[in-house]
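One structure is given below, encoded as structure tokens.
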Amino acid sequence: MKWKIEYYNENLEEEILQFPEGLLARYFKLTELMEEYGANLGMPHTDALGDGLFELRVKGKEGIARVFYCTMVNKRIFMLHCFIKKTQKTPKRELQLARKRMQEVKHG
């Protein structure tokens, strides 16, 4: 059984589809691998952030993007939040939003 990718909402899916061309191509390649092999591709592609939250690390010629996600039963990967990185460190508000959404998804 393959893994299935779901999105927190339609706005998030649209936001990801608005990534610059190179980042979008890389996102599609990585999510294809996730559907085949599972949510944890390992560094440098994915990283565990603790408490069940992960980040997909998307890098292209246009820059760097992050997509936060968690896993659910029945081989489901739930994309929670995305943003284009502009600084070396991930902004706290981006991480807080992803954690909040993860709690909403996991607890109903």
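The values are calculated or read from the model by the stated rules, or taken from the named source; none is laboratory data. Bear in mind the structure is a predicted one, so any value in this text is a computation, not a measurement. Backbone-built Cβ (ideal geometry, glycine too); neighbour counts: all protein chains shown. Just the protein is used for accessible areas: all its heavy atoms, side chains included, with ligands, DNA and RNA removed. Shrake-Rupley method; radii C 1.70, N 1.55, O 1.52, S 1.80 Å.
Results, tabulated for the structure shown:
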{"item": "For residue 7, residues with placed amide H under 5 Å, excluding near neighbours", "result": "79"}
{"item": "Count, lysine Cα pairs under 23 Å in the stretch 64-108, 8 or more residues apart or across chains", "result": "7"}
{"item": "Amide H contacts of residue 75 (H built 1.01 Å from N, under 5 Å, at least 5 apart or other chain)", "result": "none"}
{"item": "Those chymotrypsin sites (Phe, Trp or Tyr not before Pro) in the stretch 47-78 that DSSP places in a loop and that have at most 10 other beta carbons within 10 Å", "result": "none"}
{"item": "Probe 1.4 Å, accessible area per residue of the chain, Å²", "result": "62"}
{"item": "17 Å reach of a label modelled at residue 106, 7 Å along Cα-to-Cβ, counting backbone N of the stretch 41-73", "result": "47-56, 68-73"}
{"item": "Simple Cβ-charge dipole of the chain, Lys/Arg +1 and Asp/Glu -1, about Cα centre, in debye nearest 20", "result": "420"}
{"item": "Surface accessible to a 1.4 Å probe, residue 7 within the full protein complex, Å²", "result": "60"}
{"item": "Centroid-to-centroid separation of the stretch 1-51 and the stretch 70-105 [C-alpha atoms, Å]", "result": "11"}
{"item": "Value of [θ]222 nm, deg cm²/dmol, for the chain, DSSP H segments ≥ 4, -39500 (n - 2.57) each, nearest 500", "result": "-12000 deg cm²/dmol"}
{"item": "Sites excluded, trypsin sites (Lys or Arg not before Pro) in DSSP loops with at most 11 other C-beta within 10 Å, longest stretch of the chain", "result": "3-60"}
